[in-house]
Amino acid sequence: MDRARDVSIASFSEAGAIVLIAVLAVLLAWAAPTSADGQEIGRSGLSGRPRNALAIRPAHRGTVYPNFNPSHECEYCHYVHEKIPEVSPDPDHEWLCLRCHGENGQSIYKAAVHTNREGSNHDPFRHTCIDCHNPHSDLENWLGGDNLKLVGLYVEDNWPWIAFINTPNSGQRWVTYESRGPTYGEPTLHSLADSDEDGNDYYDGPCEVCHTQTSHHRNDGPDLDHYTGTTCTLCHPHDAGFAPVGGECDSCHGQPPDGEAFPNTAGSHAMHMTADHGPGISACNTCHAMPGGDGSHMNGQASFATGSDVNGDGDIDLSETDVCDTCHGADGPIDGVNDEVTGARLHWIAGVYDEQGDLTPGLETWCAGCHDEGTAQVNGVLAPPVAGDDAIWGFFANGHGRTGTVFCTHCHDSSVVHTDEVPQTYIAAADNYQAGFRLKSVNGDDPLVVPRVPFDWDDPYTSPAYWELCFSCHDRFALIGGPTAPSGPYYADGFATNFRSDASVIIPDGHDTDIAPFSTGGAKDFNAHYRHLVAKPYQYDSDRDGAVDSYGTCVACHNVHGSTSAAMIRDGRLIGMEPALNFSYVRYDRHDPFQGGCADPIIMTSAGLVLGPDSHGGIMRSNSGPAANGVCNYCHCGGAATDAPEYIINCYWPDCVDYYRVYVEPPLPNGGGN
């Protein structure tokens, strides 16, 4: 029976065991040297040394250190009183140890040999079990204590036996291991890597005694503060050959990585993980591949979770990953991943925000990389496509950003919470318009008062400052006029806005025909801006829940980010309520006696993209009520909405509200508009 290769308990017979124990006791008493007073010298170092293996403390028997399996027998590893078979496995210590302590062994204490991994920058090495462990006994260390876990070797003929390790580059060095560290409720001193805490200028922890090329805890003392005293095997488990495959990511890296801890790149980690204006990613594996026992992640590459390994190096690097695509959107008209300005990939290292949370110069269009007609989404919420298709409509196409002088951060505060997993944060009942749309304050005041409840009948030039954000650029007197407007170019009867009705509007039909009497308001001067904001309060649905909740304000009618309708009038694209107000400029087209209703029908049209300077007025063709148009309670047709470009002005009133005026080019001292 080949008992040396059989892990089962194949012990002697009961009688044989009794005889053997008696013989061993006699031999042990004979073999152990004693001092003059009859005490066993054993490991005292006074004189002599044990002369045979029977004097070895039976660590594997559990009689000294009970954390070892007490069922171990000598014959697990040794042939005892038997002839060695002529045909037997090679006496390979590594195989012998791993038969129990390897992946498939019966011991709960798993181990693997210590090697460097594929892709390592260092020369190949392989350190096996008995390079570090004496399998028979815990040895005394050079400081007089006892080592744990059988750490340390001894020279048979060099008594007293003091634990050392034959290091690969530094010769024989003493090794001290008395504590596993505070993680296990033990002192830091004399742990796996205690960084010379005892101040003897000798780095003798079992994880630092050999190292001369590692990034941390070398035996010459650099970088001593890398988790000093912590049990190294929490992150570098023995069963992975001490590869860093255990623990949490922040065991090696900062959380978020800050460039200060184990070699890592701060990059935009903080922005993505902890910044108020970031997506709040909490798990590293959202973007990164986790390290495995094969040594991946330890080749200097920050491998990403998904993508295509184009260069075939076994890792997916930043240039190859697609983890950015979901949030930043590479599929829209404005590339949010690869573009030099709006692309996230290029700006990962340096970031796009300064210390105050503002966009850095040159990156003012950054927001458009997500907020276009692509599918960018964060935490399941699609980014509102305020940049549109960036050709026909959108913030930089026909919104406030079209001149290249107004950018998102002129109105929005980029330093506050931006992604909160809620498609629309603003709720009228919560009165949180500024926070909901992340708007900057204006001179310490609210940028816009929304909802406006109750309505204040004071003029728009005094408190409360309902529209300060808009009027920080636009001239309120040019747009609103009104009885309290100051003297000068902006006065009550000469307001410089084209959203108005005139008492007389002569069309170029060769007959000096005046169409002013045919408008909804009749042949009189009135400022439609003023009427909507200050005069009769047309209520609107500010939070788009189907119920009116506020009196009029600028953003009731205007989508400041851009619209397919002229003058940034709401078209419903952002809220799924097209065509919303359905506004168009109109111009006189012709007299058409072949269209019925009266003797000389006058045809107005919006066909062919009528621009403001070419127009004689405008018309809103939406249905009435917020449930139909998503905006307001009277905008503006009494009947069904229509997209028909032509209508007769003088035979009957149109179903929709229209106005007529002579176009003026208003002065824009504050960069205003009309």
* Asked: Considering amide H positions built from the backbone, and no H for Pro or chain starts, which residues 5 or more places from GLY617, or on another chain, come under 5 Å of its amide H?
  -> VAL586, ARG661
* Using 0.36 nm per residue of separation minus the Cα-Cα distance, give me the extension gain between VAL422 and PHE125 in nm, one decimal. => 101.5 nm
* Give me the distance in nm between label points sitting 7 Å out from Cα along the Cα-to-Cβ direction at THR274 and ASP157, one decimal. => 6.0 nm
* To do: Report the label-to-label distance for LEU189 and THR265 in nanometres (one decimal), using points 7 Å from each Cα along the Cα→Cβ vector.
  => 4.4 nm
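Based on the mean of other beta carbon atoms within 10 Å per residue, what is the order of 439-450, 276-287, most packed first?
Answer by packing, highest mean first, reads 439-450, 276-287.
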* Quick one: accessible surface of GLU665, probe radius 1.4 Å, all protein chains present, in square angstrom to the nearest 10. => 130 Å²
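Taking the highest mean first, how do the peptides 511-521, 170-180 order by number of other beta carbon atoms within 10 angstrom per residue?
Numbers: 511-521: 16.8, 170-180: 18.8.
Packing proxy ranking, top to bottom: 170-180, 511-521.
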* Structure fact -> So, for the Cα atoms of segment 263-411, Rg and Dmax in Å stand at 16.6, 56
* **Gain in span if fully extended, ASP313 to CYS651, counting 0.36 nm per residue against the direct Cα distance** => 113.9 nm
* Gain on full stretching of the segment that runs from ALA430 to GLU248 - 0.36 nm per residue minus C-alpha separation -> 61.5 nm
* Asked: Distance in nm between label sites at HIS410 and LYS110, each 7 Å beyond Cα in the beta-carbon direction?
  -> 6.2 nm
* Cα gyration tensor shape of segment 110-240, rounded if a/c is under 1.5, else prolate or oblate by comparing a/b with b/c -> rounded
* To do: Would you kindly derive the ³J(HN,Hα) couplings of segment 140-147 from the backbone phi angles with the Karplus curve 6.51 cos²θ - 1.76 cosθ + 1.60 (θ = phi - 60°), listing them in order in whole Hz, with x for Gly and Pro?
  => 6, 9, 5, 9, x, x, 10, 6
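The values are calculated or read from the model by the stated rules, or taken from the named source; none is laboratory data. Every value quoted in this text rests on a predicted model; they were computed, and no experiment measured them. Please note: Cβ atoms are built from the backbone with ideal geometry, for glycine as well, and neighbour counts cover all protein chains shown. Side chains are part of the model used for accessible areas, which takes the heavy atoms of the whole protein and leaves out ligands, DNA and RNA. Shrake-Rupley method; radii C 1.70, N 1.55, O 1.52, S 1.80 Å.
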